[in-house]
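Nothing in this text is a laboratory measurement; each read-out follows from the coordinates by a stated rule. Everything quoted here is computed from the prediction, not taken from an experiment. Heads up, the Cβs are rebuilt from the backbone with ideal geometry, glycines too, and the neighbour counts pull from every protein chain shown.
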Amino acid sequence: MKMNISSLTRHNGNQPSPTLKAGRKLLRGFTLIEIMIVVAIIGMLATLAIPNFMKARETARKNACISNLRNIEGAVQQWALDMNKDEGSTVTYSDIKSYLHGNVVCPDGGTTFQDSYSITTVDAAPTCLRHPDTHKLPPEN
Ligand SMILES: [Zn+2]
């Protein structure tokens with residue numbers, strides 16, 4: 001609903017028509033105060049939402065990493081079973097590589113298995129090298 005105000009004014013002379021009045025009201029827009037209130041509200045919502053997004057992303061990465069650790073542990077156990085290794089045997093990535101599917105890396109910045117995870121012996125749980133304090137398997141009961 002676009003109106004040409006200058007042509008309407010010219011057509012009716014000095015007497016403004018009801019159509020022109022409506023047109024002026026539509027073109028009024030927002031005052032500075034209204035815009036500032038809207039910006040302030042958006043800012044407040046962003047302050048509430050952003051830490052939650054960050055936390056959700058961190059939790060998702062942690063859970064994905066723990067899932068990787070479980071897969072690694074499973075691969076180590078499978079390898080030990082297949083190769084007849086005892087619990088104290090040393091295990092390396094090349095030993096269990098064929099038991100893992102795809103490129104297993106920590107979702108928080110890992111690029112290779114070597115910079116993401118550490119495996120030592122068959123009975124020791126694999127650990128995440130990126131975040132060893134939080135990315136860890138829950139203790140066994
Ligand atoms: Zn990790």
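Quick notes on this one:
- Histogrammed with a bin width of 5 Å, the alpha carbon distances of segment 60-111 distribute as 4, 20, 28, 22, 14, 8, 4, 0 percent, first bin at zero.
- Modelled FRET efficiency - R0 22 Å, E58 with L137, Cβ distances, 0.05 increments: 0.80
- When peptides 108-117, 85-94, 65-74 are ranked by their average number of other Cβ atoms within 10 Å per residue, the highest-first order is 65-74, 108-117, 85-94.
- Segment 19-128: C-alpha gyration tensor shape, a/c 1.5 cut-off, then a/b vs b/c: prolate
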